[in-house]
Amino acid sequence: MRFLMLPARRMTHELFDGDVARVLLLGNAMHADTPVDAPGSGVMGYLLTMLAQDDGYVVPVGGAGALSAAMAERARRRRTGPLRRRGDLDRGQWGSGHPRSDGGR
């Protein structure tokens, strides 16, 4: 249980002597959006490293530029799409642009 709760930085110093392995695990731990000094961050880095070992690292087709372009396009479409109102979200309607029963959009 102690091992699972170790912060990533501490885990790398206990497991590895070299910087290359430490950086690999720390880099993967940072993908969990948890500070590398937070308890439990080490297991996330360890888990993501194991997954990458089995399945490989996911790389967007066309490279990082294609990923950025897709994200920008999605943001552009969301800005120009139908207006989303708080009431729509409360009723589970996600601003589809279809008229509501009360005549609003």
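Conditions tested, residue by residue: (1) open to solvent by 100 Å² or more (accessible area, probe 1.4 Å); (2) in a helix (DSSP H, G or I); (3) modelled with pLDDT of 75 or more.
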residue	(1), (2), (3)
Thr49	no, yes, yes
Val61	yes, no, yes
Ala70	no, yes, yes
Glu73	no, yes, yes
Arg79	yes, yes, no
| request: Provide a single number: the residues in segment 10-27 that are of a type in the set (D, E, K, R) and open to solvent by 100 Å² or more (accessible area, probe 1.4 Å). | output: 3
| message | Looking only at segment 81-105, filter to residues that are part of a helix (DSSP H, G or I) and open to solvent by 90 Å² or more (accessible area, probe 1.4 Å); which one of those is modelled with the lowest pLDDT? | response | Asp90
| said: Can you tell me which condition Thr34 does not meet? The list is (1) at pLDDT 85 or above; (2) in a loop (DSSP other than H, G, I, E, B); (3) open to solvent by 90 Å² or more (accessible area, probe 1.4 Å), and all the others hold. | reply: (3)
| Search result, residues across segment 19-51 that are among the small types (Gly, Ala, Ser), under 15 Å from the mean Cα position of the chain (by Cα) and over 17 Å from Met5 (Cβ atoms) | Gly27
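The values are calculated or read from the model by the stated rules, or taken from the named source; none is laboratory data. Everything numeric here is computed off the predicted structure, so don't read it as measured data. Don't worry about glycine lacking a Cβ; one is built from the backbone with ideal geometry, like all the others, and counts go over all protein chains shown. Calculation scope for accessible area: heavy atoms of the full protein, side chains included, ligands and nucleic acids excluded. Shrake-Rupley method; radii C 1.70, N 1.55, O 1.52, S 1.80 Å.
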